[in-house]
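What follows is a set of notes on a single structure, which appears directly below.
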Amino acid sequence: MELASNRAAVLMAPTGHGRKVRRVRFVWVGVGAAGFFGAISRYWLDGLVSRLAPGAFPWGTFVVNISGCFVIGLLSTLLVGKVLPHPAMRTAILVGFVGAYTTFSTFAYETLQLAKGGALALALANVAASLVAGLLAVWLGTAVGGAL
């Protein structure tokens, strides 16, 4: 929830039109640049773990997802609660880097925020719906891809 509100605050800051457009472009560039490093980090760590722990279980993806959950928890607490960099920097780091590193971390963070906010039913619904819909979407995608 907080990630979305930070994004909205950066994008909708009350400034002149030209300044708002420049700020939006700055955020896009920051997210893109940080996303580049997040994606490269994911690729590198996944490959390293997969080479170190070969087998049927996808250890590389598992390590990336769990480490991404730790990183988003750590950085969201530090950046929002303690360090307080510019909202565009927070967006670049949390959405760009961590988002490109793993979106599973965002899913876990938002689910935790729902639960901490007292919306336990919504948190559980998010987990169940994401798992079922995700598996169904992968199955459907492979079926459509196989039929083409």
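Okay, here's what the table says:
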quantity	calculated
Residue count for the range 67-97, restricted to those that are among the charged types (D, E, K, R) and buried (at least 17 other Cβ atoms within 10 Å of the Cβ)	1
Where a residue in the range 125-148 is at pLDDT 85 or above and assigned to a helix (DSSP H, G or I) and its partner, wherever it lies, is β-branched (Val, Ile, Thr) and surrounded by 10 or more Cβ atoms within 10 Å (Cβ to Cβ), with Cβ under 8 Å and at least six apart	126/111; 127/111
Considering residues of the range 98-124 that are free of Cβ contacts under 8 Å to residues at least 60 places away in the same chain, within 17 Å of residue 67 (Cβ to Cβ) and small (Gly, Ala, Ser) only, the residue surrounded by the most Cβ atoms within 10 Å (Cβ to Cβ)	105
Long-range neighbours under 6 Å by Cβ, at least six apart or interchain, first residue among the aliphatic types (A, V, I, L, M) within the range 39-57, second surrounded by 13 or more Cβ atoms within 10 Å (Cβ to Cβ) and in a helix (DSSP H, G or I)	39/100; 45/64; 49/59; 49/60; 49/63; 53/59
Selection status of residue 61, under 27 Å from residue 34 (Cα atoms) and in contact (Cβ under 8 Å) with a residue 24 or more places away in the chain	no
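The values are calculated or read from the model by the stated rules, or taken from the named source; none is laboratory data. None of the values given here were measured: they were computed from a predicted structure. When we count neighbours, we look across all protein chains shown, and the Cβ atoms used for this are built from the backbone with ideal geometry, even at glycine.
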